[in-house]
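The values are calculated or read from the model by the stated rules, or taken from the named source; none is laboratory data. Everything numeric in this text was worked out from a predicted model, so none of it was measured. Every residue, glycine as well, gets a Cβ built from its backbone with ideal geometry; the counts of neighbours run over all protein chains shown. All accessible areas refer to the heavy atoms of the entire protein, side chains included, with ligands and DNA or RNA removed. Shrake-Rupley method; radii C 1.70, N 1.55, O 1.52, S 1.80 Å.
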Amino acid sequence: MRDDARYPPDPWGLAEQGISLDRLAQSESLFALANGHVGLRGNLDEGEPVGTSGTYLNGFYESYPLQYGERGYGFAEDGQVVVNVPDGKIIRLQVEDEPLDIHRGTLEHHERRLDFRSGVLERELRWRTASGHAVEVRTRRLVSLSLRSVAAIEYEVTALDRKVRIALQSNLQVNRARPGEGDDPRAARHLDEVLRSHLSVSENKRVVLGHTTHVSELAVASGMDHRVECDSELESLTQAEPDLGRVTMSAELQPGETMRLVKFVSYHWSSQQSVEWLRDQVDASLESALAEGFDGLLEEQREILGRYWERADIEVDGDDELQQAVRFAMFHIFQSAARNEGRAIPAKGLTGTGYDGHAFWDTESFVLPVLTFTAPDTVRHALAWRHSTLDAARARAEQLHLRGAAFPWRTIRGEECSGYWPAGTAAFHVNADIADAVRRYVMVTGDDDFEERFGCELLVETARLWESLGHHDDYGAFRIDGVTGPDEYSALVDNNVYTNLMAQRNLESAYHCTGRHPSVARRLGVDDDERERWRAAAEAMFIPFDEQAGVHPQDDSFLHHQPWDFASTPDENYPLLLHYPYFQLYRQQVIKQADLVLAMHVRGDAFTLEQKRANFDYYEPLCVRDSSLSAATQAVVAAEVGHLDLAKDYLYEASHMDIADLERNTGDGLHMASLAGAVIATVSGFGGLRDHGGRLEFRPRLPEGLERLRFGLQLRATLLRVEVTQDEATYRVERGGGVHLDHWDERVDLTAQHAATLPIPPAPDLPAPSQPPGREPGRRRPRQPIEYVPLEAQPVDDRA
C-alpha cells in the first residue's frame, strides 16, 4: 500500500496534486533536477515555504576538522561537506502589492509534474489574493543535459478576471539557511556561512556573483540572465550586492494578458582558476543559453533523453505503480550522472545533502552496474574520477602500512572522511567493489583505451592492497582478517565471505588484465612473480562453510554469536543504530543489510543453488534492512531461489523507498543506490541477468501479477532486447552485431536482427522464509496513512 495518494500512477511522470507543508522536503527531493554537474532541489519557485533549499555543484565542498574524544593513529583528519551554492531558482511574484505565498490568500489549484521524457518540472497554480485578484502561474524548469553548467526556468503569469499590476523578482541568493543538525548520522553536517564574496556585477538583466570557500579554497561563479515577453509596458530594475543579485520587473496586465519570463542560470567552479576567469565562463555559458532559448534547450533535452530511453527503457506490464517507480528510478539514475565528467556520483546524487554529499561503495556496486548497460560513457567518467584519486588512496594505504591503494569509505575529493573506523576504513571491500566495476565496464564495452589508461592501474593497486592485507595461514589458505563487510552491524571480523570473494575476483582480474597489457604491467612495475602471488592468493582464498549448520557463515565467528532478541524489540526502535550501542549490535546475530546474500548475487558462481537456498533461509530472519541498500539484493536472490512473491515485495520496497518515503528521510535526498537497486532487482531478479565469467547468463522468471517484462542492454555496439512473459523469454538483437548468452544453462548465439524464444521452467514450490517481526517488506507492512490538509481549506493569513 502506498504511503499516500499524492503521486498517482503515471507511466512517464510523477505528479503531485496540492501541497503538503509537512512533506515539503520529501517532494523537493522527488522533484529535484540534475545533470551530474548541477543539481537543483524541487523547491517552490518563490523559495518559501521550504523544507531544505538546495543548489549543488558536484565536487564543490567545504572542509572541517573531524573531532574525536580520543584521537588514534590513522584516524581521518578532515571531513568534507557539499556546499549549498547561490540559489538561482527563486522567482517571486507580487500581485497588487501582495506576495504569492501559499499561507496567504487562497490557493485554488496547485499541481506539479516531473516529466521523465523531457526532464522538465512543470508547475501550474491558480491563486487569489486576499483582495480578490486572481492569477494563473505556469512554470517549467530544467537542468540542461546539453549545456553542462546551465539551468533554465520559464515563468508565465496571466491575469484572470480583472486588471492587475504584477511584479516579478528574480533572485540569485547566497547562503540560504539550512536546518540544524539532529541525531541521525545519515543527515548532513551544518556549516555556517561557508562562502566569501569576491565580486558582484550586473548589466541589463544579468547578474554574476563570485565566491570562494573559507577552508577548501574552492572558487565558484554563478550568474543569471533573463528574457521577458509582456503584453504591456514593462519596468525593470537590476541590483547586485555581495551575496544577492536581483532583477525586478513590473507590468500592468489586463484580464487574459500574460507576462513570460525565461531565466537562465549558470555555474562554474574550480580549485585552480580565479573567480574572474570563472566569471568569464559564466558569461559565455549564459550567452550560449540565450542563443538556444528555453525551447531550444528543451528540444535538445528531449533528444538526449529520447536516445537514453530508446536503449534503456524497462517495460513492466501488470503493475502500474511498479512501472512508474522503475522509470522514476531510471530517470534519476541517469540525470545523476549524465554530465558527471571528472566527478563522482554521490549517494544522494545532487538531490540533497544527506551523508554530506559523499560518494560510497554503493556507487560502484549498485549505480554503475545499471549505467554500464544503459549509459556506459557515464561509467567511464565515474571510474576515471576514482583513478584521479589514486594518489590519495596510495597515501592512505601507506599510512595504514599497506601496499597499493586504499580507497576511502566516504569522500568528495578522495580523502577518507569517515570518523568511525570500524564501519569506515575497515570496510576494505570498497576497493574490490571499484575493481569489479572496472571489470564489468571493460567486459560490456570492450573499451581497451580505458583499460590501458585507467582500468589496469586501478586493478593493480587494489590487488596489491589485498595481497598485503591478507596472509596465507599454516594450512595454505589465504585469509583476510579484521575487516568489515557490507553488514555494518558486524565489524572487524575475520574472513567475511563477501569481502573474500570480491577480493578473489579483484586479484584474478588484475592477473588477467596485466597479462593482456604487458606494457602497462611494466609501466606499473608488475613482474611475473607479483602476478603469480595474486593468482596463488586468489586460488587459496578461504571461504568459510559450516558443515553442521549447512550454511556459509557471514564470517568466521558469526554463527557463534547470540541471536538478537527480535521479539522484545519494539517497532519504534528501528533503525537499531539510533537506539542501541554498536557494542550490542556487533556481538549478536542481527544483520543491518544483505551481506552474505549480496555475495550470492554478485559472486553467485561461488555457490550452488542448494547452498543459496539454505543460506537465504538462514539469513532472511536475521536481516532488519536498516539500510536502503538491502531490499533490492534480497529481491534478486529471492527470485533466484524461487521465492517470487517475496522478491516482488522487496522490489516494491526498493523502488518506492523515496516515492513512499519508507524510511522517513527522503527529505535529505534520494537514495540513489536503492533506485539503482530497483532496476537491478527487475533486470537481475525477474530478468535473471548475471555477468559471471565474462558471459551473460539469464534465468528469467516472473511472479504472479506481472504479465510481461521488457528491457534493453547495450553490449558494445549491440543493443540486445529481452522480453519475458510468464511462460517464455525472447532475446532479440535490435541493433549491431551478434551476441552470445546462456538461457537457463542453454547456449544461445544470436546474430544481427535475430531473435530466439525459449521456454521458462516453472518455479519450485518452497515454504516461505520469515523475516524479523515487524520487518516484513514495505508492501507487507501496514503503515499509518499521512493526512494532508488541502490548502484551500486553510484560513486566509494577512500577516506581513
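Once the chain from TYR68 to LEU609 is taken as fully extended at 0.36 nm per residue, the excess over their C-alpha distance is 190.1 nm.
The residues of the range 470-571 expose, per residue, 45 Å² of accessible area to a 1.4 Å probe.
How much accessible area does MET249 have with a 1.4 Å probe, in Å² rounded to the nearest 10? That residue has around 0 Å² of solvent-accessible surface. When DSSP beta bridges are restricted to pairs lying wholly in the chain, around 95% turn out antiparallel. TYR580 sits with roughly 60 Å² accessible to a 1.4 Å probe, with DNA, RNA and ligands left out of the calculation.
The length gained by stretching the chain between ASP727 and HIS740 to full extension, at 0.36 nm per residue less their Cα-Cα distance, is 2.5 nm. For Rg and Dmax of the Cα atoms in Å, computed directly from the structure shown, the correct entry in (i) 33.8, 115; (ii) 28.7, 97; (iii) 26.9, 90 is (iii). Axis of helix 390-399 versus longest Cα principal axis of the chain: the two differ by about 60°, to the nearest ten degrees.
With the charge dipole of the range 643-787 set up from +1 on Lys and Arg Cβ and -1 on Asp and Glu Cβ about the Cα centre, the Cα lying farthest toward the positive end among the listed residues PRO772, LEU689, THR751 is that of THR751. Using the Cα centre of the range 475-607 as origin and beta-carbon charges of +1 (Lys, Arg) and -1 (Asp, Glu), tell me which of THR569, TYR489, LEU559 is placed farthest towards the positive end of the dipole. Most positive-ward Cα: TYR489. Applying 1/(1 + (r/R0)^6) with R0 = 56 Å to the Cβ-Cβ distance of ARG695 and GLU136 gives a FRET efficiency near 0.45. Between the helical axis of 275-312 and the longest alpha-carbon principal axis of the chain there is an angle of about 60 degrees.
Solvent exposure of the range 631-682 amounts to 11 Å² per residue of accessible area, where only protein heavy atoms count and the probe is 1.4 Å. Note on ARG587 and GLU704: with the Förster distance fixed at 30 Å, the Cβ-Cβ geometry gives a FRET efficiency of about 0.15. Once all protein chains are placed together, TYR582 keeps about 70 Å² accessible to a 1.4 angstrom probe. With contacts taken as Cα pairs under 8 Å and at least 6 residues apart, the range 484-631 reaches a relative contact order of 31 percent. Extension gain for GLU452-ALA567 works out to 36.0 nm (0.36 nm per residue, less the C-alpha to C-alpha distance).
Computed about the Cα centre, the dipole magnitude for the range 263-377 is approximately 380 debye when only Lys and Arg (+1) and Asp and Glu (-1) carry charge, each at its Cβ. Counting alpha carbon pairs within less than 8 Å and at least 6 residues apart, what relative contact order, in whole percent, applies to the chain? Relative contact order for the chain comes out at 13 percent. Measuring nothing but how far apart in sequence close Cα pairs (under 8 Å, 6+ apart) lie, relative to its length, the range 635-759 scores a relative contact order of 17 percent. Cα axis of helix 644-655 to longest principal axis of the chain: angle in degrees, 0 to 90, nearest 10? Here the helix axis deviates by roughly 40 degrees. Think of a 1.4 Å ball rolled over the protein heavy atoms: the range 363-422 then has 33 Å² of accessible area per residue.
Sequentially through the range 60-74, phi angles give Karplus couplings (6.51, -1.76, 1.60; θ = phi - 60°) of 8, 9, 10, 9, 8, x, 6, 9, 10, x, 9, 8, x, 4, x Hz, Gly and Pro residues having no value and appearing as x.
What a 1.4 Å probe finds exposed on the chain is 46% carbon and sulfur by accessible area, rounded to a whole percent.
A cut-off of 5 Å between modelled amide H atoms, ignoring neighbours fewer than 5 places along the same chain, links CYS417 with TRP409, ARG410. When only the Cβ of Lys, Arg, Asp and Glu is charged (+1, +1, -1, -1), the dipole of the chain relative to its Cα centre reaches about 840 debye.
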